[in-house]
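Student: Before anything else, here's the structure in question.
Laboratory data are not the source of any read-out in this text; all were calculated from the coordinates shown. Values in this document were obtained by computation on a predicted structure and should not be read as measured data. All Cβ positions, glycine included, derive from the backbone under ideal geometry; neighbour counts span all protein chains shown.
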Amino acid sequence: MLHSMLRELNLVDRVLYCAVPDTKGDSALWYAYVREQCPSFDVAYTNDEFTRLCLEYGGVKVLNTPLFNKEVYSGTRIRELMAMGDKSWQSLVATGGVLPVLSRINAEDRVRRIMQK
């Protein structure tokens with residue numbers, strides 16, 4: 001979804017994102033993975049407190065990302081609507097970059113099955 005959205009916004013060549021393995025809460029190990037998996041960086045953006053603490057511990061400047069209408073554009077709310085079969089969730093995601101990916105992977109059914117467990 002991220003790559004699709006970046007492509008739609010013509011930002012693929014300006015943004016680099018890295019996958020970092022989960023360390024089950026071991027902050028020292030997580031920071032080591034970040035430094036190993038990602039190119040050098042001086043600033044990171046996050047609203048997640050755990051991520052902030054880990055990066056600040058490593059000396060990285062961390063900035064918040066602005067949240068836009070958080071009550072409406074909430075991943076939790078979107079997943080709940082998907083699980084209920086309420087198609088209104090489709091109006092809450094980007095129609096060009098995100099919706100086609102979610103449709104292709106049958107996200108609504110996947111979310112419904114996960115939430116049933």
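Student: Rounded to the nearest 500, what is the 222 nm mean residue ellipticity of the chain from helices alone, with -39500 (n - 2.57) per DSSP H run of 4+ residues and division by all residues?
Tutor: -12500 deg cm²/dmol
Student: Taking the Cα centre of the chain as the origin, how large is its charge dipole in debye, to the nearest 20, when only Lys and Arg (+1) and Asp and Glu (-1) carry charge on their Cβ atoms?
Tutor: So the dipole magnitude of the chain works out to roughly 360 debye.
Student: Using every alpha carbon pair in the chain, what percent of pairs falls into each 5 Å bin from 0 up to the bin containing the largest distance?
Tutor: 2, 10, 15, 17, 17, 18, 15, 6, 1
Student: Another question, if that's okay. Hey, which lysines would be in cross-link range of K24, C-alpha to C-alpha under 29 Å, not counting anything within fewer than 8 residues on its own chain?
Tutor: K24 reaches K61, K70, K117.
Student: How about region 5-88: which GluC sites (Glu not before Pro) there lie in a loop by DSSP and see at most 15 other Cβ atoms within 10 Å?
Tutor: E71
Student: If Lys and Arg each add +1 and Asp and Glu each add -1, what is the summed charge of the other residues whose beta carbon sits under 12 Å from the beta carbon of N64?
Tutor: 0
Student: Where Lys and Arg each count +1 and Asp and Glu each count -1, what net charge lies around G97 among other residues with Cβ under 13 Å from its Cβ?
Tutor: Combined, the nearby Lys, Arg, Asp and Glu give +1.
Student: Still on this model: If I measure Cβ to Cβ between cysteines in the chain, which ones have no partner under 4.7 Å?
Tutor: C54, each lacking another Cys Cβ under 4.7 Å.
Student: Relative contact order for the chain: what percent, with Cα pairs under 8 Å and sequence separation of 6 or more?
Tutor: Contact order relative to length: 27 percent.
Student: So which aspartates and glutamates pass the test for K87, namely a Cα distance under 17 Å, with those fewer than 8 places away in the same chain ruled out?
Tutor: Correct list for K87: E108, D109.
Student: Please list, by residue number, every one of the trypsin sites (Lys or Arg not before Pro) in region 1-96 that is coil in DSSP and has at most 14 other beta-carbon atoms within 10 Å.
Tutor: Taking region 1-96 and a limit of 14 other Cβ atoms within 10 Å, the loop trypsin sites (Lys or Arg not before Pro) found are R14, K24, K70.
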